[in-house]
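Report on one structure; see the data block that follows.
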Amino acid sequence: MEEIEALVKKYFNVEDLVYIENGYEFEIKCDEPSFLKNNFISLYNEIKKLEYVPKLEKLGSKYILTITKKTEKTPKHNIYQIFLLLASFGTILLDGYYKLGSYSELMIAYEAPILAMLILHEASKYMIFYFRKAQRTASYVIPGIPGIIPMMGFINAKSGETVNRDAMFDEAFYPFIAALLGVIIFLVFSLKVNLNFQKQLAEPFLMQFFHGVFNSKNLFLEGSAVGITILFINFLPVTSLDGGFLISSLGKSSLVLDLLSIIIMSFLGYFVLALAVIFVQNVRTTELLDSVSPLSKKRKIVYIISFVIIIALFAIFGTI
């Protein structure tokens with residue numbers, strides 16, 4: 001007990017202490033809430049070595065810090081994640097075959113941006129949780145309908161704990177931005193390398209204004225346009241998508257945003273993803289250990305910039 005109390009007093013001004021089942025409850029005095037975030041992170045990093053978990057909440061005008069014994073959880077290896085990932089690779093490959101009619105460099109050029117988006121998104125998600133030694137978000141890749149949509153997108157169904165809103169934002173943002181950068185690289189590459197097909201597969205919304213810059217029948221461009229559309233869908237502020245985690249970190253999630261996003265998904269043809277989102281609405285039970293501290297200003301700015309970029313890209317290259 002003395003060690004736990006000493007650690008808490010190292011970072012916080014304790015006004016009261018109550019013993020609870022499996023731990024302790026401290027009432028914290030804080031005149032400047034902005035100092036809570038860094039102090040809580042420091043406490044978390046130290047106290048987790050003792051197999052305890054801190055949780056900071058604001059109840060009325062009081063700040064309550066709860067310290068409880070960590071419960072052991074056996075990692076689950078979800079066979080459905082692997083199956084859906086392999087199925088998505090299959091639908092991407094079949095989509096290229098159905099649209100182009102043969103296996104060739106043309107099919108590879110069309111599929112490359114989409115495959116890069118999928119690989120970068122999932123690989124970066126694994127890397128984040130590996131380096132942070134945190135519980136990994138259960139990510140399900142939703143397969144597409146070959147000949148119509150190569151893949152739908154990514155469903156996140158995390159059940160567990162996240163340190164604070166900054167961590168929640170990072171867990172969703174870095175995989176999203178890695179996937180987006182991969183698609184943008186192929187988009188720029190399409191300016192240098194032309195692999196044409198006899199007909200235009202996709203119909204980007206505003207591409208008619210860029211005919212002098214982009215060749216609308218370039219398969220690198222067409223694959224990139226599909227990738228941009230998928231990422232736009234996944235940026236929508238709906239529960240369980242990347243955008244849902246991002247908007248939740250801002251504290252702005254709501255039923256209205258969910259319904260609006262589902263309508264947009266359905267209108268653009270991503271009705272399978274919309275059904276998957278509805279199905280897992282109550283699966284996501286992410287708990288913020290520090291529910292007091294707001295998202296950092298830098299991340300808010302990054303969110304706004306990313307919002308503008310993905311909307312602009314979708315307006316120019318997005319497809320139905």
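The values are calculated or read from the model by the stated rules, or taken from the named source; none is laboratory data. Keep in mind it's a predicted model, so treat the numbers as computed, not measured. Here Cβ is always computed from backbone atoms with ideal geometry, including for glycine, and neighbour counts include all displayed protein chains.
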Any idea which of (1) buried (at least 17 other Cβ atoms within 10 Å of the Cβ); (2) modelled with pLDDT under 90 is the one residue 186 doesn't satisfy? (2)
Within the range 189-211, does at least one residue satisfy the condition of being under 23 Å from residue 258 (Cα atoms), in the same structural domain as residue 99 (by TED's automatic domain parsing) and modelled with pLDDT under 85? no
Could you go through the range 37-50 and let me know if any residue there is assigned to a strand (DSSP E or B) and either more than 26 Å from the chain's Cα centre (by Cα) or of a type in the set (A, V, I, L, M, F, W, C) (or both). no
Restricting to the range 260-271, and then to whatever is under 19 Å from the mean Cα position of the chain (by Cα) and surrounded by fewer than 18 Cβ atoms within 10 Å (Cβ to Cβ), can you tell me which residue is nearest to residue 228 (Cα to Cα)? 264
Name the single residue, out of those in the range 18-37 being of a type in the set (A, V, I, L, M) and modelled with pLDDT of 85 or more, that is nearest to residue 69 (Cα to Cα). 18
Options 172, 167; residue that is more than 21 Å from residue 268 (Cβ to Cβ) and at pLDDT 75 or above: 167
Would you point out the residue of the range 299-308, among those that are touching a residue at least 60 places away in the same chain (Cβ under 8 Å) and of a type in the set (A, V, I, L, M, F, W, C), that is surrounded by the fewest Cβ atoms within 10 Å (Cβ to Cβ)? 307
Would you call residue 142 of a type in the set (Val, Ile, Thr), modelled with pLDDT of 90 or more and out of contact with any strand residue (DSSP E or B) (no Cβ under 7 Å at 6 or more places or on another chain)? no
Counted residues in the range 291-320 being closer than 16 Å to residue 251 by Cα and in contact with a Pro (Cβ under 8 Å, 6 or more places away or on another chain) come to 2
When you check residue 127 against the structure, is it among the hydrophobic types (A, V, I, L, M, F, W, C) and without any contact (Cβ under 8 Å) to a residue 12 or more places away in the chain, yes or no? yes
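Quick one: is residue 28 in a strand (DSSP E or B), surrounded by 15 or more Cβ atoms within 10 Å (Cβ to Cβ) and outside the structural domain of residue 193 (by TED's automatic domain parsing)? Before you say what the answer is, go through the steps one by one.
Working: in a strand (DSSP E or B): yes; surrounded by 15 or more Cβ atoms within 10 Å (Cβ to Cβ): yes; outside the structural domain of residue 193 (by TED's automatic domain parsing): yes.
Taking the combined requirement at face value, the residue satisfies it.
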Among the residues of the range 111-132, is any at pLDDT 90 or above, in the same structural domain as residue 241 (by TED's automatic domain parsing), crowded, with 20+ Cβ neighbours inside 10 Å and of a type in the set (Asp, Glu)? yes
Residues in the range 78-93: is at least one in contact with a helix residue (DSSP H, G or I) (Cβ under 6 Å, 6 or more places away or on another chain), surrounded by 13 or more Cβ atoms within 10 Å (Cβ to Cβ) and touching a residue at least 24 places away in the same chain (Cβ under 8 Å)? yes
